[in-house]
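Here is the structure we will look at.
The values are calculated or read from the model by the stated rules, or taken from the named source; none is laboratory data. The model shown is predicted, which means the values in this text are computed figures rather than measured ones. Glycine gets a Cβ as well: all are built from the backbone with ideal geometry, and neighbour counts include every protein chain shown.
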Amino acid sequence: MTQKTKTYHHGNLSAALVAAGIAFLQDHSAEKLSLRAVAEVVGVSRTAPYAHFPDKRSLLLAISSAGFRQLAQSMEVRRSADQSHNGQILAFGAAYVQFALDNPNLYRLMLSTMTPGGEDGGGDAAWVELKSEATRPYAILKAEFSQMVSEPARAEALSQGAWGMVHGLASLVGEGLIVPAEGGVEEILRTFMRAQQRR
C-alpha cells in the first residue's frame, strides 16, 4: 500500500507530487492515478496539486519525464572506466531491462505517453521536457556505440537495434512471455551480442 509522506518542503510541492505519483505506481496502474490520489499521498489538500498541474495529463507527463530521467540514471550507474565497449553496452542494456522489470507500471506509462499520435505536443513545456528526457537512454547507448564503431551510420543502426532489443526483452520478460534461465536477462543479452560478433 502506498504510504503518505509529508517530507516535501515549501516551494517543492511539484517534485513531491511527481515522487508520490511514482510511488503510487509501484502498487497501482496509471489508470488509477489521479491528482487527488497523489495529494493524499503527500498529505496536502485535494486542490493543492492544481497550482502545479492543471489536469491529470500534465501530471502524467511530468511523471513520465521523471521516469525516463531515472532510467538514464540507472544506466549511468553501471558505467565503468574498466569496461570494454561491449561490456559497457551490455551493462547499459541490463540496467534498462532491470529498470523496466522493477517499475512495470511506471515503464508502461512512460511508453504510453510516447506513443505516436498519443499527444499533439505543440508548445507544451511538459511535452517538450518529456521528449527531451525520453531520448536520454538512447543517447547513452549511441554514445558508446559511436566510440566503438567509426562509421556514423553503422553506429546509429547498432544503437537502434540495441535499443529495440532491450525494449522488446523488457516487455516480453515483464509480461512473462520469456522466463530467463540461469544468468538472467544479462546472459540473454551477452549471448546475443556474442552471436552478432561471430557473423
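Scanning for something without any contact (Cβ under 8 Å) to a residue 24 or more places away in the chain, within 23 Å of Leu111 (Cβ to Cβ) and not in a loop (DSSP other than H, G, I, E, B), does the range 40-54 turn up at least one residue?
No, every residue in the range 40-54 fails to be without any contact (Cβ under 8 Å) to a residue 24 or more places away in the chain, within 23 Å of Leu111 (Cβ to Cβ) and not in a loop (DSSP other than H, G, I, E, B).
Considering each of Ser132, Ser58 in turn, give the residue that is surrounded by 17 or more Cβ atoms within 10 Å (Cβ to Cβ) and either assigned by TED's automatic domain parsing to the domain that holds Val185 or touching a residue at least 60 places away in the same chain (Cβ under 8 Å) (or both).
Sole residue among the options that is surrounded by 17 or more Cβ atoms within 10 Å (Cβ to Cβ) and either assigned by TED's automatic domain parsing to the domain that holds Val185 or touching a residue at least 60 places away in the same chain (Cβ under 8 Å) (or both): Ser58.
For Ser45, are the conditions met, namely being loosely packed, with under 13 Cβ neighbours inside 10 Å and either within 16 Å of Gly21 (Cα to Cα) or not assigned by TED's automatic domain parsing to the domain that holds Arg190 (or both)?
For Ser45, the condition - loosely packed, with under 13 Cβ neighbours inside 10 Å and either within 16 Å of Gly21 (Cα to Cα) or not assigned by TED's automatic domain parsing to the domain that holds Arg190 (or both) - is met.
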